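Please treat every number below as a calculation from the coordinates, not as lab data. Since this is a predicted model, take the numbers as computed values, not measurements. Neighbour counts are summed over all protein chains in view; Cβ atoms, including those assigned to glycine, are modelled from backbone coordinates with ideal geometry.
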Amino acid sequence: MGQWTTFRWGAVHFAVTSTPTASRPEPSLTGAEREVMALLLEGKTNAQIAKARKTAVRTVANQIASLFRKYGVGSRAELAARVHS
């Protein structure tokens, strides 16, 4: 049986469970991806992240898509759960 983990993503609280699996290596992230990840986990929108990083919204969208690929997820909620597991 999996263990429950709770975390907050913006104003929303999540409770997720994970079943024991083989250890997953953490993907290698660029400095920009780490910055975007931190803001994303605070619940910021793409526009808010772009403003905070002084970059284009499209650049942020591309960096988030890269994070999704690297973590093998399809949504911000899945990414947050994967990072917090």
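Ranking Arg34, Arg76 by Cβ neighbours within 10 Å, fewest first, what do you get?
Working: Arg34 11, Arg76 16.
Lowest count first: Arg34, Arg76.
Stokes-Einstein D for the range 41-85 at 10 °C, 1.306 mPa s, Kirkwood Rh over Cα pairs, in µm²/s? Don't skip to the answer; put the middle values down first.
On the way: Rh = 10.9 Å.
Answer, rounded: 146 µm²/s.
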Using θ = phi - 60° and Karplus 6.51 cos²θ - 1.76 cosθ + 1.60, couplings along the range 40-56 (whole Hz; Gly, Pro as x): 4, 5, 7, x, 6, 7, 4, 5, 5, 5, 4, 5, 5, 9, 6, 9, 6
Full-stretch length increase - His84, Thr30 - with 0.36 nm per residue and alpha-carbon distance subtracted: 17.6 nm
Which of Ile64, Ile49 has the fewest Cβ neighbours within 10 Å, and the rest in rising order: Ile64, Ile49
Integer Hz, Karplus 6.51/-1.76/1.60 couplings in order for the range 72-85, x for Gly and Pro: x, 10, x, 8, 5, 4, 5, 4, 4, 5, 5, 5, 8, 8
Residue exposure sequence - Thr55, Thr30 - by fewest surrounding Cβ within 10 Å: Thr30, Thr55
